[in-house]
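The values are calculated or read from the model by the stated rules, or taken from the named source; none is laboratory data. Note that the coordinates shown come from a computational prediction; the quantities given were computed from them, not determined experimentally. Note that each Cβ is placed from the backbone with ideal geometry, even for glycine, and that neighbours are counted across all protein chains shown. In case anyone asks, the SASA skips ligands and DNA or RNA and just uses the protein heavy atoms, side chains included. Shrake-Rupley method; radii C 1.70, N 1.55, O 1.52, S 1.80 Å.
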Amino acid sequence: MNLNDRLKSIIKILKITTLFGSGALVIAYHIRQTCQSLEKIVNPSVLDAEKKCTPEYIYIDDPQFKLNMEKAKETTQSIGLARIWKSLRRSLASRLLWLCRHGNQDQRNLAIEHLASFKNNKIWDCLKIAQALDKNTAVLLARTRGADLRYFLPPPIHIRRAALTSELMSFKFRDMIIAVQKICKHSCIKYFLSKYFANIQEQAMEADSIPAKPDSISERDLCMLCLDALYHHIILFHSKDYNEDKSSSTLIEMGLLPRLAELFLRYRNDTELAVSVLKILTVLSMHTCLLNDFFQNGLIGELSRLLRSEDVRLASSAAVCLANLSGEHCFRPGLYLLHPLYRTRNKHTCDTLLVHGLRGGVFVTWRQRDPKCAEPLGISEVAMSDIKCIEPCGDTLVDTPVDNKYLDPEDQQVFEDFTELNEVSLLSNIEVLLQDIPIEAKREPADVNMYIAIKKQTALIEEEEDHCSYTFCWPKDWLPRDCKNLRILGVNYWSSLSDWLEGCPLQSADIATRAGELAPALIDAEVGQKNVPVIWLAHSMGGLIVKQLLIDAAGTEGSFKRLCENTKAVLFYSTPHKGSALANMPRAAAAVLWPSHDVRQLQENSPILLKIQKEFLQLADTYSWETISFAESKPTLVTSFKVPIHFVPSHSADLERGVFYELPLDHLTICKPATRQSILYTTVLNVIQRATSNNYEFKHSNPYIVKLLDLFWWNMRKRANEVIETIDDTNNNRKFKWFERILLEAFTDAYSD
């Protein structure tokens, strides 16, 4: 490179530098002139007025607090891993929430399960998730096992403030009762208002004038009576279509849901009042259009809380509400979901239905038998709160093995094995007598009740366990232990034993009417659809309703017909197939008891009952239904005078088809097994196992189809897991994909690829 070329490059650089330098000087000059002009116009001292006030702080003079702050500061500055950990956790939660809202059904199910299984939640993390939840995700999450209750927002502030006041709520419910009474007049509601709110037409209805509350009843009890009156009205005049359900829509417009949420807050631990509230919510939950109202009033969180209650009434009612609101199922009033209470991706392989008899109920008829509860039968309806004789076994009754700490572990194991073998050898030569042994059996299979030594030992252990753990619904608590993928539903209807009690004339119906009312509820719940077998457990008059329902189903087409076709077995517990002696009692006894319409239709050798019997036997042979009958042999003590009455004689309880057992029990205890080794339970278990095994073999008889289905579902699970990893990261944490997998295993339980 010569000298001229070097000079040209230097001159070029000088020109560029001069050009930009002169431009910068010009800009700086104009900026300086502008500032001087502004200073002449604006007084800068005005901007310093706020500086005269020094900020005030709250100082904490606590050495422990300062020490903790210094440790946290050192940890953050030295490592910074906690910040990354929290950031990735929020990123994972946000991805799962996005997937719950925008994914397909399988993706939503997977995301909700992972979100519910988050553990070690901080309060601020739960509040962020609660703020981000939409109504559809919230109702699905509320029905998922393990979901944190802090994921759900509480009722609004105006409801929480109202719950802290002493304002009478009974008069708000009274106004709602008057409003629905104007829409659909009913004599029961008129009687209720005249009894508890006397001279209501003459009361001054100004804003500041509130009639005096009856002194003979508390505010809490009066609210419960008002809730029962509201439920009684809407249960009689409800409709599946919300636009046609005038009573429910009127109550919603008058603010019923906020008032019910306020009751939950006022009486937090009141079980009986919660049951009254849930009865109304189960009817309103049929209308999925009310999901937003449930969500905005904080009722989703309350239902999720009650779903975990140990009281079967609260848990099953809450499960029905959440299942209806989610749109996954439709359970009409009178149908209770007993199992499974939580959402599950496993399809149920059997529908087990419980139908009670006279004066019974889902939560009373099917409880475990306890000898201490052998009280005389009253004419009034029994409730769970009336049963106060349950005394579970204490620790002193449980035989716990004593461990010898000086014994070698291997020697101790050999000693335990030797002891077990010795017990088995002894039991092989001993006849084990369990409870509920039939005194007579007809048409019984030859291989029934054959116990080997190992089974004897298991039976004795289970019998001891069941004596120490009482259950208010043995099908709900016992059957899922021995049979997988069951759905257990309880049917509830109003019945009466005597006309001495107050009763609604619109609730009194014959057997055919009750069967006709039950049919649409079962169809909406998809009972017996998709080739799922159906097992019926019926007590007393419930067996007659089941027989009439199946007869009606056989003469139709479509979904109702499939209910009849998929029925596999019917178990009758003291069902009066040919009538009951209770309906033919002498005049003197009838004058005292005054039998109700439900009892009078059970006349012995009634033409209606004999017709039902004949048609059912023909259908049972046509569809090959398995039928099992249980009969009582002891009389039932009635009223406090302990009058012995044999409700259903053996010849009437015998269907004359299928297995028949006569047991030394009365009419109340014939459907209440004492333990899982009772024939009342083992028979049900064997029937369900046969029905589900036949159904499984029929659907999956080809091994190649089984392998293809397993490969398909494995691929679906793998794809669903990959979706979580491929969603765009809004917080720009793509570098930590590998770390999110570790977080998912750390924050969730039982996660696998």
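Miscellaneous remarks
- With all pairs of different C-alpha atoms in the average, the Kirkwood value for the hydrodynamic radius of segment 217-276 is 12.5 Å.
- Spin-label model distance (nm) - S309 vs C126, 7 Å beyond Cα toward Cβ: 2.0
- All other residues whose Cβ lies under 10 angstrom from that of L278 are scored, Lys and Arg at +1 and Asp and Glu at -1, for a net of +1.
- Links that overshoot a 28 Å alpha carbon limit, given the list K172/K195; K240/K578; K476/K611; K185/K240: K240/K578; K476/K611
- Using the 1.4 Å probe convention, the accessible area of segment 607-652 works out to 53 Å² per residue with neighbouring protein chains retained.
- With the highest mean first, a sort of the peptides 437-445, 519-527 on other beta-carbon atoms found within 10 angstrom per residue produces 519-527, 437-445.
- For the peptides 617-623, 653-659, the ranking by mean Cβ contacts within 10 Å, running from highest to lowest, is 653-659, 617-623.
- Solvent-accessible area per residue for segment 467-561 (1.4 angstrom probe, square angstrom): 35
- Using a simple spin-label model with pseudo-atoms 7 Å out from Cα toward Cβ, C468 and S9 lie 9.7 nm apart.
- Using the Cβ-Cβ distance between E253 and H651 with R0 set to 60 Å, the FRET efficiency works out to roughly 0.55.
- Computed in the context of the full set of protein chains, the accessible area of segment 258-327 at 1.4 Å probe radius has 40% of its extent on carbon or sulfur.
- Counting protein heavy atoms only, segment 144-203 has 55 percent of its accessible area on carbon and sulfur, 1.4 angstrom probe.
- Nitroxide proxy distance, nm - points 7 Å out along Cα→Cβ at N531 and Y342: 3.0
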